[in-house]
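The values are calculated or read from the model by the stated rules, or taken from the named source; none is laboratory data. Not measured: the values here are computed from a predicted model. Using ideal geometry, Cβ is built from the backbone for each residue, glycine included, and neighbour counts are taken over all protein chains shown.
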Amino acid sequence: MNNKHLDNLVAIGSIRQYEYVSLDEEGNIGEGEFRNTQRLIIHLHDGEKIVVECFCSGSSQDTVLIIS
């Protein structure tokens, strides 16, 4: 998946790269039949990275955002 805003940050040199990862309900890479998770990993120039994860929790399909 691409994002024009993140692509722009790469182009101007603010971040080194980014990647989206889809995980199934068991935490395996790929999409499952039920609650899936999306993870955005932003790679910084100093080797550090920011990981943003969203997932559904409970029957109401609430979204939770985790930044680590």
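The residue pairs whose first member lies in the range 9-26 and is farther than 11 Å from R39 by Cα, whose second member is assigned to a strand (DSSP E or B) and β-branched (V, I, T), and whose beta carbons are closer than 7 Å, counting only pairs six or more residues apart or on different chains, are I15/I42. In this structure, G27 does not qualify as modelled with pLDDT of 80 or more, part of a loop (DSSP other than H, G, I, E, B) and on the phi > 0 side of the Ramachandran plot. Would you call V10 over 12 Å from the mean Cα position of the chain (by Cα) and among the β-branched types (V, I, T)? Considered against the rule, which asks whether it is over 12 Å from the mean Cα position of the chain (by Cα) and among the β-branched types (V, I, T), V10 comes out as yes.
Within the range 1-25, the set of residues being within 15 Å of E53 (Cβ to Cβ) and of a type in the set (D, E) comprises E19, D24, E25. Going through (1) in a strand (DSSP E or B); (2) at pLDDT 85 or above one by one, S14 falls short only on (1).
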